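K.L.:
So that we are looking at the same thing, I have put the structure below in structure tokens.
The values are calculated or read from the model by the stated rules, or taken from the named source; none is laboratory data. Given the structure is predicted, the values throughout are model-derived calculations rather than measurements. For neighbour counting, all protein chains shown are included, and Cβ atoms are generated from backbone atoms with ideal geometry for every residue, glycine included. Ligands, DNA and RNA are excluded from the accessible area calculation, which covers all protein heavy atoms including side chains. Shrake-Rupley method; radii C 1.70, N 1.55, O 1.52, S 1.80 Å.
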Amino acid sequence: MVPLENLLLYIPLAVLLAMLPGPDFALITRISLTEGRGSGQAAACGVALGIMVHTSAAMLGISAVIAQSITLFTLLRYAGAAYLCWMGFHALRAGRQVTAAVVRHGGQEAGAQPVRGLRGRAFRQGFLTNALNPKAVLFFLTMLPQFLDPHAALWPQFLELGGIMAFFCLGWFVLLASLLHRIRRLFVRPAFQAWLHRLTGLIFIGFAFRLALEKL
């Protein structure tokens, strides 16, 4: 078990990091406002799973191997940037599709079309957005060991700290999806939906370029 005094330092940090805006926040905001609470919460579950993957990688030493290999870390960085860029272009295309649908229906909102696997897609997007983030690799590799007791078994402590982070991220994003769902009816106009898709698309592309160009 992680010493109590270390937990008292770690928990506020975990809460703060969970609530900081980033790609996960942008993704869940867009999904919750365009697809509803269920999809937003599914994406939150995907983010939480991504955190546990990073925790397991740090515990098994995989993160250390990636961080020490320029080639592997660069590949992960570009993979994350490429995925965010793909998400951005996908959102921009969705915005154009909403606008085209409005034009086809003479300025009226088109009827909602059933989409199979909507929540499954949201879950995958949440998972990949988090799992392909190289900054998360560095965080779990460099920050978690600072809160461990070196005289106790390490793997239970890694799982405990990673579970705490996943719990707070899941709780925050589930709450965010619920709050956004409550106001979603105020923003159901096609013009807003198209604007939201385009804005988040540009945000994702911005995150992608920053990730690809900055030195971590």
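K.L.:
Only one of (1) over 20 Å from residue 31 (Cβ atoms); (2) of a type outside the set (Lys, Arg); (3) modelled with pLDDT under 90 is not met by residue 79, so which one is it?
P.N.:
If we test residue 79 against (1) over 20 Å from residue 31 (Cβ atoms); (2) of a type outside the set (Lys, Arg); (3) modelled with pLDDT under 90, just (3) comes out false.
K.L.:
Out of everything in segment 3-12 that is touching a helix residue (DSSP H, G or I) at 6+ places or on another chain (Cβ under 9 Å), surrounded by fewer than 19 Cβ atoms within 10 Å (Cβ to Cβ) and of a type outside the set (S, T, N, Q), what residue ends up being modelled with the lowest pLDDT?
P.N.:
Keep residues of segment 3-12 that are touching a helix residue (DSSP H, G or I) at 6+ places or on another chain (Cβ under 9 Å), which gives 3, 6-7, 9-11.
Filter again for surrounded by fewer than 19 Cβ atoms within 10 Å (Cβ to Cβ), leaving 3, 6-7, 9, 11.
Adding the requirement that they be of a type outside the set (S, T, N, Q) leaves 3, 7, 9, 11.
Values: 3: 84, 7: 90, 9: 91, 11: 93.
The qualifying residue modelled with the lowest pLDDT is 3.
K.L.:
Given (1) in contact with a helix residue (DSSP H, G or I) (Cβ under 7 Å, 6 or more places away or on another chain); (2) closer than 19 Å to residue 23 by Cα; (3) modelled with pLDDT of 90 or more; (4) among the hydrophobic types (A, V, I, L, M, F, W, C), where does residue 57 come up short, assuming only one miss?
P.N.:
Of (1) in contact with a helix residue (DSSP H, G or I) (Cβ under 7 Å, 6 or more places away or on another chain); (2) closer than 19 Å to residue 23 by Cα; (3) modelled with pLDDT of 90 or more; (4) among the hydrophobic types (A, V, I, L, M, F, W, C), only one is false for residue 57: (2).
K.L.:
If I ask for residues that are aliphatic (A, V, I, L, M), in a loop (DSSP other than H, G, I, E, B) and closer than 23 Å to residue 80 by Cα, which ones from segment 127-166 would you list? Lay out the reasoning, then the answer.
P.N.:
Restricting attention to segment 127-166, the residues satisfying the condition of being aliphatic (A, V, I, L, M) are 128, 131-132, 136-138, 141, 143-144, 148, 152-154, 159, 161, 164-166.
Still in the list and also in a loop (DSSP other than H, G, I, E, B): 132, 143, 148, 152-153.
132, 143, listed by residue number.
K.L.:
Moving on. I need the full set of residues from segment 167-188 which are part of a helix (DSSP H, G or I), open to solvent by 50 Å² or more (accessible area, probe 1.4 Å) and more than 13 Å from residue 45 (Cβ to Cβ), in order please.
P.N.:
Hits for segment 167-188 are 168, 175, 179, 181, 182, 183, 184, 185, 186, 187.
K.L.:
Follow-up question, since we're still on this one. Residues in segment 87-97: is at least one at pLDDT below 90, of a type outside the set (Gly, Ala, Ser), open to solvent by 80 Å² or more (accessible area, probe 1.4 Å) and in contact with a helix residue (DSSP H, G or I) (Cβ under 6 Å, 6 or more places away or on another chain)?
P.N.:
No, because not a single residue in segment 87-97 is at pLDDT below 90, of a type outside the set (Gly, Ala, Ser), open to solvent by 80 Å² or more (accessible area, probe 1.4 Å) and in contact with a helix residue (DSSP H, G or I) (Cβ under 6 Å, 6 or more places away or on another chain).
K.L.:
Does segment 151-173 hold any residues that are in contact (Cβ under 8 Å) with a residue 12 or more places away in the chain and over 19 Å from residue 53 (Cβ atoms), and which are they?
P.N.:
Result: 152, single match.
K.L.:
Let me ask you something else. Of the residues 210, 124, 198, 119, which single one is basic (Lys, Arg), at pLDDT 90 or above and within 30 Å of residue 78 (Cβ to Cβ)?
P.N.:
Numbers: 210 fails: at pLDDT 90 or above; 198 fails: at pLDDT 90 or above; 119 fails: at pLDDT 90 or above.
Checking each option against the conditions leaves just 124.
K.L.:
For segment 170-190, check the following and say yes or no: at least one residue is in contact with a Leu (Cβ under 6 Å, 6 or more places away or on another chain), of a type in the set (Gly, Ala, Ser) and either at pLDDT 90 or above or closer than 24 Å to residue 76 by Cα (or both).
P.N.:
Within segment 170-190, not a single residue is in contact with a Leu (Cβ under 6 Å, 6 or more places away or on another chain), of a type in the set (Gly, Ala, Ser) and either at pLDDT 90 or above or closer than 24 Å to residue 76 by Cα (or both).
K.L.:
Next question. Please go through segment 20-36 and give me each residue that is open to solvent by 20 Å² or more (accessible area, probe 1.4 Å), more than 8 Å from the chain's Cα centre (by Cα) and either of a type in the set (Phe, Trp, Tyr) or at pLDDT 90 or above (or both), ordered by number.
P.N.:
Step one: filter segment 20-36 for residues open to solvent by 20 Å² or more (accessible area, probe 1.4 Å), giving 20-21, 23-25, 29, 34-35.
From what's left, more than 8 Å from the chain's Cα centre (by Cα): 20-21, 29, 34-35.
Selection gives 29 alone.
K.L.:
Additional query: Hey, can you tell me all the residues within segment 189-216 that are assigned to a helix (DSSP H, G or I), under 18 Å from residue 136 (Cβ atoms) and open to solvent by 20 Å² or more (accessible area, probe 1.4 Å)?
P.N.:
Of the residues in segment 189-216, the ones assigned to a helix (DSSP H, G or I) are 190-213.
Among the residues that remain, those that are also under 18 Å from residue 136 (Cβ atoms) are: 204, 207-208, 210-212.
207, 210, 212 - these are the residues of segment 189-216 that are assigned to a helix (DSSP H, G or I), under 18 Å from residue 136 (Cβ atoms) and open to solvent by 20 Å² or more (accessible area, probe 1.4 Å).
K.L.:
Then there is this: List the helices (runs of 4 or more DSSP H) that sit entirely inside segment 1-87 and contain at least 2 residues that are without any contact (Cβ under 8 Å) to a residue 12 or more places away in the chain. Give the derivation first.
P.N.:
On the way: elements: 4-19, 23-35, 37-60, 62-68.
The qualifying helices (runs of 4 or more DSSP H) are 4-19, 62-68.
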